[in-house]
Amino acid sequence: MLAASPASAKKKAPAKEATPAASDEEKPSGAPTDEKPASQANDVEKPKTILDTNQEAPKTDSLGHVHFASPNGEGLGRVVVSAPAEAKVKVFLEGRFFGNAPVTIFSVPKGDYILEASYPSGKQVSKPVTVSENEETAIDLGTAKAASGGGGGGFMSGSEMTPTRSRWMKGLLIGGAAALVFGVTFGILEVKAESDYQNTPASDQARLDSLQTTGQRDATLADIGYVVAGLAALGAGYCALPLILGPGTPASEKPATTTTNTLGIAPMVGGHTTGGALFFRF
């Protein structure tokens, strides 16, 4: 028994050595693999760019041009962005700020890009841009508004509730309320004059004539107040259409046109008649 023990041990030792150790590179068949299929090996997920509106515009060259890439490169084109300067639209190409529109971005390598516009209201618009070699790609942000030509009761309108439109609406509401108070006040005075006229003896012709003149004047002024209040209410309602009906197609997505809508209010007084004219121009 003592002699067989070592022999048995010698036979068992080679059995352990016969089993190859697991390589560090081998993985169990059921373990997940980090390798991508061949069709997805080159896929790269690009997160949506978050605009940094606090960027500074790049410095211009001696000609006043801003460049996307080196002007000495090959296959370059340019992007021309149109918008009125007073709109203060910030222009970004691939997340980089290039100043307020209108602006031309030079030295853009040919390819596809995303141009983004940021408006003072906080609204942002993205547009795809394809640039070709030695060609100009035009992007119209479509916010152009015709400048108002002088005074009067007209204003330029759009399909969005712009700050100018909001100011007009508030002004017309305040003016209409004041005109209504004016009309009601003189309407009360006219009724009082009529009552005094009825209670005055027929023999007092001088007083009757005075009351008649006063009553006609008060009636005319009351009518003017009512007409102006009504026209102001119509104007305020016209201004508030985007709030009532909801905004239409954003101005930034419409092509710029030279046609504008105008609302005009013109009170008319003559003789013993009062009235007003309300007109639209399309």
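Quick one: in the stretch 196-243, of everything that is among the hydroxyl-bearing types (Ser, Thr, Tyr) and over 28 Å from the mean Cα position of the chain (by Cα), which residue is surrounded by the fewest Cβ atoms within 10 Å (Cβ to Cβ)?
Keep residues of the stretch 196-243 that are among the hydroxyl-bearing types (Ser, Thr, Tyr), which gives 197, 200, 203, 210, 213-214, 220, 226, 238.
Imposing the further condition that a residue be over 28 Å from the mean Cα position of the chain (by Cα) reduces the set to 197, 200, 203, 210, 213-214, 220, 226.
Details: 197: 16, 200: 15, 203: 7, 210: 15, 213: 11, 214: 17, 220: 17, 226: 19.
Among them, the one singled out is 203.
Kindly establish whether residue 138 is more than 22 Å from residue 70 (Cβ to Cβ) and at pLDDT 90 or above. Let's see the steps before the verdict.
On the way: more than 22 Å from residue 70 (Cβ to Cβ): yes; at pLDDT 90 or above: yes.
Yes, satisfied.
Pairs only if they're at least six apart or on different chains, beta carbon under 6 angstrom, first in the stretch 110-139 and more than 18 Å from residue 96 (Cβ to Cβ) and touching a residue at least 24 places away in the same chain (Cβ under 8 Å), second of a type in the set (Lys, Arg) and assigned to a loop (DSSP other than H, G, I, E, B); list them, first residue then second.
120/88; 132/110; 133/110
Within the stretch 190-207, does at least one residue satisfy the condition of being modelled with pLDDT of 90 or more and basic (Lys, Arg)?
yes
Could you check the stretch 79-95 and list, in sequence order, the residues that are part of a loop (DSSP other than H, G, I, E, B) and out of contact with any strand residue (DSSP E or B) (no Cβ under 7 Å at 6 or more places or on another chain)? Walk me through it before giving the result.
So the first thing to find is which residues in the stretch 79-95 are part of a loop (DSSP other than H, G, I, E, B), and the list is 83-84, 88-89, 94-95.
Across the stretch 79-95, the qualifying residues are 83, 84, 95.
Quick check on my filter: what residues within the stretch 162-195 are surrounded by 18 or more Cβ atoms within 10 Å (Cβ to Cβ) and over 52 Å from the mean Cα position of the chain (by Cα)?
Across the stretch 162-195, the qualifying residue is only 193.
Taking the stretch 96-133 only, how many residues are outside any strand (DSSP E or B) and either crowded, with 20+ Cβ neighbours inside 10 Å or out of contact with any Ser or Thr (no Cβ under 8 Å at 6 or more places or on another chain) (or both)?
Quick first cut of the stretch 96-133, residues outside any strand (DSSP E or B) only: 101-102, 110, 119-123, 132-133.
Checking the rest, the ones that are also either crowded, with 20+ Cβ neighbours inside 10 Å or out of contact with any Ser or Thr (no Cβ under 8 Å at 6 or more places or on another chain) (or both) come to 101, 120-122, 132-133.
Of the residues in the stretch 96-133, 6 are outside any strand (DSSP E or B) and either crowded, with 20+ Cβ neighbours inside 10 Å or out of contact with any Ser or Thr (no Cβ under 8 Å at 6 or more places or on another chain) (or both).
Would you check if residue 153 is over 30 Å from residue 81 (Cβ atoms), modelled with pLDDT under 90, out of contact with any Asp or Glu (no Cβ under 9 Å at 6 or more places or on another chain) and not assigned by TED's automatic domain parsing to the domain that holds residue 232?
Values: over 30 Å from residue 81 (Cβ atoms): yes; modelled with pLDDT under 90: yes; out of contact with any Asp or Glu (no Cβ under 9 Å at 6 or more places or on another chain): yes; not assigned by TED's automatic domain parsing to the domain that holds residue 232: yes.
So residue 153 passes the test.
The values are calculated or read from the model by the stated rules, or taken from the named source; none is laboratory data. Quick caveat, the model's predicted, so the values are computed rather than measured. We place every Cβ from the backbone using ideal geometry, glycine too, and count neighbours over all the protein chains shown.
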